[in-house]
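A.B. asks: Before I ask anything, let me first share the structure, which is written out below as structure tokens.
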Amino acid sequence: MRSWSAPDIVPLPGTGGPLRVHDTATGRIRTTTPGSTAGMYACGITPYDAAHLGHAFTYLTFDLVNRVWRDAGHDVNYVQNTTDIDDPLLERAEATGVDWRDLAHREIDVFREDMAALSIIPPTSYVGVVESVDLISELAVRIRETGAAYEIDGDLYFSSAAASKFGEISNLDREEMLDLFGQRGGDPQRVEKKDPLDWLLWRAERPGEPAWDSPLGRGRPGWHIECSAIALDRLGPSFDLNGGGSDLIFPHHEMGAAETRCATGQPNAHNHLHVGMVGLNGEKMSKSLGNLVFVSKLRQQGVDPAVIRLAMLSHHYRAPWEWTDAELPAAAERAERWRAATALGSGPDAAPVLAAVRASLAEDLDSPAALAAVDAWASAALTEGGADTEAPGLVRTTVDTLLGVKL
Ligand code: 5CA
Ligand code: ZN
């Protein structure tokens, strides 16, 4: 599937240090150790509605990982899926009287425009589920061959009892797992299953639903296996970083990891990164709750995408936070100060700013600390001035290349 246009990335003098990030599985901040090419998978949108600020915050976080790795001298093989067939998409298409394919195409187009406007580096491979049905059913067959799956009326289930190291990502107890499984797309209530936590790998065709031929019969993929199959196909097992929003830790990433382990004997990824939920009025911003601030709406209203990006960067990726009306004015004021300071003919030495932004991002993507370093330089430049004629340009490039903010 077509990705979106890439922002220009201007190289900075020197190289950044290794990226350290929080790993959900171990609960520790760990140093990532990619080879010359780093491999990263981020779960993409289910395109039944436009992207809201919660989605944008998640993709901004993976964009920071991408920028820090590139600055440290790695190429990045970044893979993202889009769930262009799933229950919520079919339900919305039915409710609004549009074809599910048209709905998905329309929303994916808006998403691409939003991501490009926000200077999010596009994935190397942007992969839809519909175009991947064959490789997904192949993985389901591999899993079935290990004996870890069983059938109920043509539906293929992964037997959670056969999952080695189940719980390795989320570290939840069974009660918590059952609760979240029911809330997040699972079917704990299906009585014919061997265990309520067993999950669907392949769903046999239902009347009126789209279906594809496969060695498992006509049907469509379950949710988790789409990401394990696409990641395994494009990145192999044991790639550097897998993740998404924290709502995906369980069941999605736990069950996906179990699938990869079952089929390959290896973990899917070395590090598991999860982004805090963005809320609005006390609730997680979510398409099903309808409490949304859309990126596309803000853009239509003429909000500078660099300002939207700065507003998000003022929050650390791991902390859940609430979008309020105060976000945009505060970010606009910061952008104005930075623009005024970098428009000066000279300023204080900027090498320490580059070093501080690099160090802050490399230490668990501490974007608020990175902004504070630029703030300090901008106030010094505006109040005391400075003699370094190269400094405003270096700050502009630092902000552009590492933070993705065009001044
Ligand atoms: N298509 C699946 C993943 S395979 C999915 O979860 N789609 S989604 O459209 O619901 O979400 C897309 C991404 O945004 C996921 O990584 C999800 O965890 C993240 N996300 C959703 N809501 C929020 C939110 N309020 N704050 C932060 N991230 C969010
Ligand atoms: Zn996913």
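The values are calculated or read from the model by the stated rules, or taken from the named source; none is laboratory data. Predicted model only: the values in this text are computed from it and were never measured. Here the Cβ is made from the backbone with ideal geometry for all residues, glycine too, and neighbour counts use every protein chain on show. Please note that ligands, DNA and RNA were not included when accessible areas were found on the heavy atoms of the full protein model with its side chains. Shrake-Rupley method; radii C 1.70, N 1.55, O 1.52, S 1.80 Å.
A.B. asks: Does ASP195 count as away from ligand 2 (no atom under 13 Å from the Cβ) and in contact with a helix residue (DSSP H, G or I) (Cβ under 8 Å, 6 or more places away or on another chain)?
C.D. replies: On the way: away from ligand 2 (no atom under 13 Å from the Cβ): yes; in contact with a helix residue (DSSP H, G or I) (Cβ under 8 Å, 6 or more places away or on another chain): yes.
Spelling it out, ASP195 is indeed away from ligand 2 (no atom under 13 Å from the Cβ) and in contact with a helix residue (DSSP H, G or I) (Cβ under 8 Å, 6 or more places away or on another chain).
A.B. asks: Also: Collect the residues in the stretch 312-325 that are under 18 Å from the mean Cα position of the chain (by Cα) and either assigned to a helix (DSSP H, G or I) or free of Cβ contacts under 8 Å to residues at least 40 places away in the same chain (or both), keeping them in residue-number order.
C.D. replies: Listed by number, the residues that qualify are MET312, LEU313.
A.B. asks: Please verify whether PRO210 is more than 15 Å from ligand 1 (Cβ to nearest atom), under 14 Å from TYR150 (Cα atoms) and in contact with a Lys or Arg (Cβ under 9 Å, 6 or more places away or on another chain), treating the condition exactly as stated. Talk me through it step by step, then tell me what you get.
C.D. replies: Details: more than 15 Å from ligand 1 (Cβ to nearest atom): yes; under 14 Å from TYR150 (Cα atoms): no; in contact with a Lys or Arg (Cβ under 9 Å, 6 or more places away or on another chain): yes.
No; evaluated as a whole, the condition is false for this residue.
A.B. asks: Moving on to the next point. Return the pairs, sorted by first residue and then second, in which the second residue is in a helix (DSSP H, G or I) and not acidic (Asp, Glu), the first residue lies in the stretch 94-109 and is loosely packed, with under 12 Cβ neighbours inside 10 Å, the beta carbons are less than 7 Å apart, and the residues are 6+ apart or on different chains.
C.D. replies: If the second residue must be in a helix (DSSP H, G or I) and not acidic (Asp, Glu), the pairs left are ASP99/ALA93.
A.B. asks: Any idea which of ALA355, ALA370, ALA331, ALA381 is in contact with a helix residue (DSSP H, G or I) (Cβ under 7 Å, 6 or more places away or on another chain) and farther than 27 Å from GLY54 by Cβ? Steps first, please.
C.D. replies: Working: ALA355 fails: in contact with a helix residue (DSSP H, G or I) (Cβ under 7 Å, 6 or more places away or on another chain); ALA370 fails: farther than 27 Å from GLY54 by Cβ; ALA331 fails: farther than 27 Å from GLY54 by Cβ.
Result: ALA381 is the single residue among ALA355, ALA370, ALA331, ALA381 that is in contact with a helix residue (DSSP H, G or I) (Cβ under 7 Å, 6 or more places away or on another chain) and farther than 27 Å from GLY54 by Cβ.
A.B. asks: Let me ask something additional. Going through the stretch 69-110 one residue at a time, which ones are over 24 Å from ILE230 (Cα atoms), assigned to a helix (DSSP H, G or I) and away from ligand 1 (no atom under 16 Å from the Cβ)?
C.D. replies: ASP71, GLU94, ALA95, THR96
A.B. asks: So, one more: Which residues, counting only those in the stretch 1-36, are open to solvent by 70 Å² or more (accessible area, probe 1.4 Å) and over 28 Å from PRO305 (Cα atoms)?
C.D. replies: PRO18, ARG28, ARG30, THR33, SER36
A.B. asks: Could you give every pair whose Cβ atoms fall below 9 Å, whose first residue belongs to the stretch 134-156 and is open to solvent by 90 Å² or more (accessible area, probe 1.4 Å), and whose second residue is β-branched (Val, Ile, Thr) and not in a loop (DSSP other than H, G, I, E, B), counting only separations of at least 6 or pairs across chains?
C.D. replies: From the stretch 134-156, the pairs are ARG142/THR264.
A.B. asks: When you go through ASN81, ASN66 one by one, which is the residue that is over 30 Å from VAL357 (Cβ atoms), within 18 Å of the chain's Cα centre (by Cα) and in the same structural domain as LEU232 (by TED's automatic domain parsing)?
C.D. replies: Details: ASN66 fails: over 30 Å from VAL357 (Cβ atoms).
Within the list ASN81, ASN66, the selection yields ASN81.
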